[in-house]
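A.B. asks: Sharing a structure, written as structure tokens. Questions coming.
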Amino acid sequence: MNWETNEDENDDLQLQKFESMLKTNKVFFFDSEEFEDIIFHYLDNGKLNLAKKALKLALDQHPNSFGLKLVQVEVYLFEDKLDIAEKLVDQLYTIQPTNEDIFLLKATICSRKHFHEKAIENLKIGLKYTDDPAEFYSLLGMEYLFLDNLEEAKNSFILCLENDPEDHSALYNIVYCFDFLDQNNESIEFLNSYIDKNPYSDVAWHHLGKEYYYTKQYEKSVWAYNYAIDIDETFTGAYFEKGKSLEKLKKYDEALACYKTTLTLDDPSGYAYFRMGKCYNKQKDYENALKYFNKAIYEDPLLDKAWIAITKFYTKQKNYEKALFYLNSALEIDNENSKYWAIFAQVNIQLSFFEEAEFGFRKSFECGNLKFNNFILWADTLNLLGEISLGLEVLTQAAEVYENEYEFDYRLAGFHFLNNNNEKGLEFLEKALKIDAKKHKIIHDYFPQIFEMPIIQKLINKYIK
């Protein structure tokens, strides 16, 4: 007999009966557990008003029900009325001080108030009174994550998984902790141990494949993904990740087959098309590469990797006008993308559009690009434009991010000399020479107009000799 189906049908009947009562103003009797199910149904579906109506009627019919009082706390939490919830929990604690739900609720309230250590204390007490510790260990893991205590979080999630081997969320969190702690080998060891006990866990095989990928064991990665796929032939993520591993092994036809399979299992994916374009590009099938890059941006206009791939495709062919066309199209969709602006600037340099290039570097910086190369190219562009003051400003900002970089110091020296501040110029030139005197040609290449100055030559010769 299918008990689960009968339970679902009974729940539906109870809901219909309750909603009929609301419409007709007739009063029907429900036992306290039926009311609890009705209230949680409405909370789970975000129908707070109906949940509160059900709670009021429930407490009218069962004013002394401890379980309904616990549900009342849940409703207060849903409304974010933490102080009222806490007072009620404290009252309930005096009635049943060993009730595990009390400590779950206490922990939840403390966590919501950002008292994570206090939440941990309550969860540890609750563990003493529960016959089902998995939920407690899972919540303990989350509290330790809030405190950035990854080791304790990992240990808690492991205990959760030991008590509930089917908890995929706990498994994911364990792997996350291992990865965050740079313990990939330990993660592999743990997953293999878990798989020995749960060999049909496609999720575990999938995680193992990813760990092998991170550690550049691509053959083993493919092996693990194959098991995940054998267990679940519709596991789209496994096909996808297997394709990435096959790319690393330069098995592009097999990778393409994986990506094509994902397209039969799920809706078209811009990222799948992008990866297919990458495979064709590696095979020097440029026609199909461009075709699938275009499919990628059509399917997902916000996929910056695809736009950048098309741009690189044309810049490699030195077709900078076409590259710029695609960059402008990308910027129309997302003009806050720092990568787009940086490449926009570099393409404009190739076209000798230096003012546009400078604008691109500035926009890239404003959108959060603090990369070393962006500062260097931006400063060199300002030098070409004769914008000495702006060049000094950019390099000074860069030096705050990257300390003791001769690339910046040589350029700062050059800009200060151009700004007739020889004292500062000599200071930065000497600093750069101390770091790497062999790179003094930066002054020659980028500031030829000052390179032959006697004071510059004298200082350079001092460090070269």
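The values are calculated or read from the model by the stated rules, or taken from the named source; none is laboratory data. Since the model is a prediction, treat every value here as computed from it, not as a measurement. When we count neighbours, we look across all protein chains shown, and the Cβ atoms used for this are built from the backbone with ideal geometry, even at glycine.
A.B. asks: Need pairs with beta-carbon distance below 7 Å; first residue over 19 Å from HIS114 (Cβ atoms) and within segment 80-101, second at pLDDT 90 or above and in a helix (DSSP H, G or I); sequence gap 6+ or separate chains.
C.D. replies: Short answer, once both residue conditions are applied: LEU92/ILE102; TYR93/ILE102; GLN96/ILE102; GLU100/GLY126.
A.B. asks: So GLU430 fits all but one of (1) acidic (Asp, Glu); (2) loosely packed, with under 14 Cβ neighbours inside 10 Å; (3) more than 22 Å from ILE349 (Cα to Cα); what number is the exception?
C.D. replies: Among (1) acidic (Asp, Glu); (2) loosely packed, with under 14 Cβ neighbours inside 10 Å; (3) more than 22 Å from ILE349 (Cα to Cα), the lone unmet condition for GLU430 is (2).
A.B. asks: Separate question: Can you tell which of PHE136, PHE157 is aromatic (Phe, Trp, Tyr) and over 17 Å from GLU186 (Cα atoms)?
C.D. replies: PHE136
A.B. asks: Condition first: over 16 Å from ILE195 (Cβ atoms) and buried (at least 21 other Cβ atoms within 10 Å of the Cβ). Now tell me which residues in segment 223-239 satisfy that.
C.D. replies: Result: TYR239, single match.
A.B. asks: Could I ask something else about it? Consider ILE333 against the criteria (1) within 25 Å of GLU321 (Cβ to Cβ); (2) touching a helix residue (DSSP H, G or I) at 6+ places or on another chain (Cβ under 6 Å): it satisfies all of them except one. Which criterion is unmet?
C.D. replies: Unmet for ILE333, out of (1) within 25 Å of GLU321 (Cβ to Cβ); (2) touching a helix residue (DSSP H, G or I) at 6+ places or on another chain (Cβ under 6 Å): (2).
A.B. asks: Among the residues of segment 76-93, which ones are of a type outside the set (A, V, I, L, M), within 17 Å of LYS47 (Cα to Cα) and surrounded by 15 or more Cβ atoms within 10 Å (Cβ to Cβ)?
C.D. replies: TYR76, PHE78
A.B. asks: Would you be able to tell me the number of residues in segment 376-401 that are of a type outside the set (Val, Ile, Thr), under 32 Å from the mean Cα position of the chain (by Cα) and within 28 Å of GLN317 (Cβ to Cβ)?
C.D. replies: Going through segment 376-401 one residue at a time, the tally reaches 2.
A.B. asks: May I ask you to verify whether GLY425 is touching a helix residue (DSSP H, G or I) at 6+ places or on another chain (Cβ under 7 Å), touching a residue at least 12 places away in the same chain (Cβ under 8 Å) and under 24 Å from SER352 (Cα atoms)? Step through it out loud before you land on a result.
C.D. replies: Values: touching a helix residue (DSSP H, G or I) at 6+ places or on another chain (Cβ under 7 Å): yes; touching a residue at least 12 places away in the same chain (Cβ under 8 Å): yes; under 24 Å from SER352 (Cα atoms): no.
No, not satisfied.
A.B. asks: Have a look at ALA432, ALA437 and point out the one that is part of a helix (DSSP H, G or I), within 21 Å of SER389 (Cβ to Cβ) and of a type outside the set (D, E, K, R).
C.D. replies: Sole residue among the options that is part of a helix (DSSP H, G or I), within 21 Å of SER389 (Cβ to Cβ) and of a type outside the set (D, E, K, R): ALA432.
A.B. asks: Shifting gears a bit: Looking at ASP285, is it out of contact with any helix residue (DSSP H, G or I) (no Cβ under 8 Å at 6 or more places or on another chain), over 21 Å from GLN346 (Cα atoms) and modelled with pLDDT under 95?
C.D. replies: no
A.B. asks: Considering only segment 451-465, state which residues are within 48 Å of the chain's Cα centre (by Cα) and surrounded by 16 or more Cβ atoms within 10 Å (Cβ to Cβ).
C.D. replies: PHE451, ILE460
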